[in-house]
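Novice: I'd like to ask some things about the structure below.
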Amino acid sequence: MPFREVVQQPVENAHAEGQLLYGSDYVFAPNAASKVAGDIYELITSAVLWETAAAWNRVMRGQAWPTSPRYARPQVRASDGRQIAVLNLPRRYDWVKLLVPSAQQEITNLRARLGTHGLGMPTSTPDVAVVVLPETERQAPVWAQSLGNMSLASQRTLEGAHRVLEGKIEPGEIVLAIALKTSLRSDRLYQPLYEANVMEFLLEGHLGAPRVDFEVHTLSAEGTGALNTYSAAALSSAASDHPHRAIRELYVPANAAQVVQRFIGFLNERTSLIQA
């Protein structure tokens, strides 16, 4: 089933119920429906990535890779140190809270210095952060448990995971950040670009982390010029000998299976760099 249809189905169900119950009195605000669709897209994508991460972590703990549904198994050597967590971050959440206290203090000091000049460096939150599990969490059952469904209990697991890891993530252990947009309007194209540049400046430029990957996932990017906009170099790397893009990729998912396989491919590449 096309991923766009998966996201849109609950909205269509709601419209059908409204028309059934209220007939001609049923009205809705299109902007509200779009906002709900965006929330659904974020939650479903986070759940798909969580399920993939849970299966990945079980293999890293020495357990078997599931044979149904069938996906290419991890290609890196199994190790506790290659476990990851998928964090669905709430609106207006400061991702800096995920970092260990010493890194948070460095950013606080930077902001304080900027403040003496009447300047600031506000952070805007990616919708999803993928992090390497800190050592204290590598045997915790939750990170290897599948959700199995989209029940309220599963949603609470997704929405609360970031709180468990607050203050525990080293700067180099945020391996992927994702901005999720059901569509990209021309007036909103630059928001993820700003988010990526600030995150990369703080982590790479200020805290010495290795390259931070930031992606934009959307269900539609037609007619926006997004491909050109997201070819921009990361400001933290533009003057170096090894410049790289601020936005790693603009990705339009075809279906959930493609999202899973692509994520496994990313984890193979990224976790192979971890000395574990």
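The values are calculated or read from the model by the stated rules, or taken from the named source; none is laboratory data. If you're wondering where the values come from, they're calculated on a predicted model, not measured in any experiment. For neighbour counting, all protein chains shown are included, and Cβ atoms are generated from backbone atoms with ideal geometry for every residue, glycine included. Just so you know, the surface numbers come from the protein's heavy atoms only, side chains and all, with ligands and any DNA or RNA stripped out. Shrake-Rupley method; radii C 1.70, N 1.55, O 1.52, S 1.80 Å.
Novice: For the range 35-60, name all the residues that are modelled with pLDDT under 95 and among the basic types (Lys, Arg).
Specialist: 35
Novice: Right, next: Just for the range 181-203: of the residues that are closer than 20 Å to residue 122 by Cα, of a type outside the set (D, E, K, R) and touching a strand residue (DSSP E or B) at 6+ places or on another chain (Cβ under 8 Å), which one is modelled with the lowest pLDDT?
Specialist: 191
Novice: Any residue in the range 53-62 that is under 18 Å from residue 256 (Cβ atoms) and among the aromatic types (Phe, Trp, Tyr)? Let's see the steps before the verdict.
Specialist: First, pick out the residues of the range 53-62 that are under 18 Å from residue 256 (Cβ atoms): 53-56.
From the residues that got through so far, the ones that are among the aromatic types (Phe, Trp, Tyr) too are 56.
Yes, the range 53-62 contains at least one residue that is under 18 Å from residue 256 (Cβ atoms) and among the aromatic types (Phe, Trp, Tyr).
Novice: Also: Only residues that are more than 19 Å from residue 89 (Cα to Cα) and either surrounded by 16 or more Cβ atoms within 10 Å (Cβ to Cβ) or in contact with a Pro (Cβ under 8 Å, 6 or more places away or on another chain) (or both): list them for the range 112-162, please.
Specialist: Across the range 112-162, the qualifying residues are 138, 144.
Residues checked against (1) in a loop (DSSP other than H, G, I, E, B); (2) within 17 Å of the chain's Cα centre (by Cα); (3) surrounded by fewer than 19 Cβ atoms within 10 Å (Cβ to Cβ):
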| residue | (1), (2), (3) |
| --- | --- |
| 228 | no, no, yes |
| 231 | yes, no, yes |
| 238 | yes, no, yes |
| 242 | yes, no, yes |
| 247 | yes, yes, no |
| 253 | yes, yes, no |
| 263 | no, yes, no |
| 275 | yes, no, yes |
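Novice: Can you tell which of 76, 48, 36, 6 is hydrophobic (A, V, I, L, M, F, W, C), closer than 20 Å to residue 161 by Cα and open to solvent by 20 Å² or more (accessible area, probe 1.4 Å)?
Specialist: Details: 76 fails: closer than 20 Å to residue 161 by Cα; 36 fails: closer than 20 Å to residue 161 by Cα; 6 fails: closer than 20 Å to residue 161 by Cα.
48 is the lone residue from the list that is hydrophobic (A, V, I, L, M, F, W, C), closer than 20 Å to residue 161 by Cα and open to solvent by 20 Å² or more (accessible area, probe 1.4 Å).
Novice: Considering only the range 250-266, I want to know if a residue exists there that is of a type in the set (Lys, Arg) and in contact (Cβ under 8 Å) with a residue 12 or more places away in the chain.
Specialist: Step one: list which residues in the range 250-266 are of a type in the set (Lys, Arg), which gives 262.
Narrowing further to those that are in contact (Cβ under 8 Å) with a residue 12 or more places away in the chain: none.
No, every residue in the range 250-266 fails to be of a type in the set (Lys, Arg) and in contact (Cβ under 8 Å) with a residue 12 or more places away in the chain.
Novice: Scan the range 191-220 for residues that are over 16 Å from residue 236 (Cα atoms), surrounded by fewer than 20 Cβ atoms within 10 Å (Cβ to Cβ) and of a type in the set (A, V, I, L, M, F, W, C) and jot them down.
Specialist: none
Novice: Quick test for you: out of 41, 93, pick the one residue that is farther than 19 Å from residue 175 by Cα and open to solvent by less than 60 Å² (accessible area, probe 1.4 Å). Let's see the steps before the verdict.
Specialist: Working: 93 fails: farther than 19 Å from residue 175 by Cα.
Only one candidate qualifies: 41.
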